[in-house]
Every structure is written in C-alpha cells, then in structure tokens.
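Written below as structure tokens is the structure these notes are about.
The values are calculated or read from the model by the stated rules, or taken from the named source; none is laboratory data. These numbers come from a predicted model, not from an experiment.
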Amino acid sequence: MTEQSSLSVGRPLRGTYLLASRLVLVIIAVMLGLAMVTAVAGLPAKPVGLADVFHDTLRRGERLDWAEVKNPVTGVLLNFRAYDTLLEVAVLVLALWAAKALGPVGGLPATLLGTELLPRAVASVFVPVAVIVAGELLWLGSDYPGGAFQAGTVLGGALVLLRLTGIYGGLREGRPHQRLMLAAGFLVFSVVGLICLPLNGTFLDYPTGWAKFSIIVIEAAVMISVAVIFLGLFDRTVASGSSKDWTTNKNAASAEAPVS
C-alpha cells in the first residue's frame with residue numbers, strides 16, 4: 001500500500017473518531033443538564049437550611065448534640081459536611097504539587113527584604129504575635145468565627161515574612177518533616193475518619209462526646225498544612241528569583257526607561 005493510499009484511508013477514520021468523540025461529549029452534556037434540571041426541580045418550595053437549624057438551636061442557648069460546637073460554620077464544615085472539607089484539603093495539596101510541576105513563574109527574590117536589621121526586627125515582633133493569633137483563631141473556631149483555614153493563613157503569612165527576611169529558607173526538596181507538615185491535614189483527617197469506622201460504622205461519624213475534640217485535632221493539623229501550602233505557593237509563584245538577579249533587572253529597567 002502506497003503512502004498516498006494510507007493517507008486516504010486514515011482521513012475517514014480520523015473523521016469518524018472526531019465525530020464519535022463529539023457525539024459522546026454532547027450526550028454527556030445533555031445528561032448532566034438533565035440531572036441539574038431534575039435536581040433543581042426537586043428542591044422544596046420553602047427549604048429549611050442547616051444554618052436555620054443551627055441558629056434556632058443557638059437562639060435557645062443550646063448546643064447541637066451531634067455537632068458539640070456553637071459555631072455553625074465549624075459544625076457544618078467539620079461535622080455535617082466533613083467529606084467536602086476533607087476533599088478541599090486534598091485539593092490544596094494537589095494545587096501545590098501542580099505549582100511545583102509547572103516550575104517557578106515569579107520573578108521576585110525570596111529574600112526581597114534582605115538581611116537588614118529593621119526587617120528582621122519587625123519579623124521578630126510580628127511572627128510571635130501571628131503565632132499567638134493563629135492559635136487563638138484555631139481554639140475559638142469551634143464556638144466563634146475562626147478555624148483552621150483562617151489560622152493557617154495567618155501562620156502562613158508569618159512564614160512568608162520569615163522567608164522574605166531570610167530567617168527561614170522555605171520549602172526544600174527531600175525534607176521528610178516538611179512533606180509530613182504538608183500532608184498533615186489530609187492524613188489526620190483521614191485517620192480520624194478511619195477510627196470512626198469501627199466505633200460508629202461510618203467514616204467521619206464522630207463518637208458521641210468526642211466530636212469537639214476530634215474537630216480541634218483535625219483543625220490543628222489542617223492549620224499546619226494550610227500554612228505550609230501558603231508558603232509553598234509563594235515560593236513557586238512569586239519568589240522564584242534571586243536578590244542579585246532582581247536588582248540587576250530592576251537597574252536595567254530603570255536605565256532603559258525614557259527620561260521625560
């Protein structure tokens with residue numbers, strides 16, 4: 001068979017494949033659309049949300065027996081919809097891995113503030129305060145606004161400041177303790193869920209009297225993971241250059257700028 005005849009045979013096959021793949025995509029889109037329409041049509045006319053149940057209970061000055069917390073957000077995210085929060089933590093870890101796979105894309109030096117005395121003095125005052133605030137947000141999150149994600153963000157900001165001042169070197173490959181901190185939230189979340197299996201027969205169905213303790217343990221681990229992920233994303237997407245390169249590029253840009 002000649003090369004021309006092979007091409008003539010391959011074109012119809014390729015066209016058939018493209019048509020079949022488009023048809024499959026259309027079928028999937030139609031099925032998803034029908035599923036969404038059915039779900040919306042099945043909603044009650046006057047739905048009672050979980051937040052309404054929480055607030056009605058709290059209005060009477062009571063705690064929800066199954067949640068064992070007063071903060072409705074914590075009760076929903078860490079108890080009633082714990083599966084969703086577990087997957088959200090997994091998505092954060094995957095986001096950092098994806099950023100590492102793409103390679104550095106930023107241009108600011110990791111030690112942008114340099115090693116001068118003033119930035120380090122500011123960091124020495126701010127970082128301990130940030131750690132205390134993060135711990136307070138974590139502890140109060142079960143009954144008041146706060147929680148693991150807010151505390152992790154504050155702690156991550158402190159790590160970024162340490163990174164900018166050169167006090168902390170940031171994430172490095174081949175360090176087991178950093179990998180453990182990165183995956184701590186997902187691992188502890190999963191282990192607590194597995195412990196619940198023989199006790200209540202359901203994954204992440206906390207035993208009575210242990211819900212609040214389990215939530216605090218999970219949130220502590222998630223806080224550490226969020227802080228490390230925050231620092232890792234900063235390293236990969238913002239601070240990928242060196243101080244020398246950044247200064248050279250800045251000076252070159254200033255020299256090329258037109259003088260008015």
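A few notes on this one:
- Qualifying residue in region 14-28 (condition: assigned to a helix (DSSP H, G or I), closer than 30 Å to S142 by Cα and modelled with pLDDT under 75): no
- Within region 118-171, tally of residues that are of a type in the set (F, W, Y) and outside any helix (DSSP H, G or I): 2
- Looking at L199, L112, L187, just one residue is in a helix (DSSP H, G or I), at pLDDT below 90 and assigned by TED's automatic domain parsing to the domain that holds I224, and that residue is L199.
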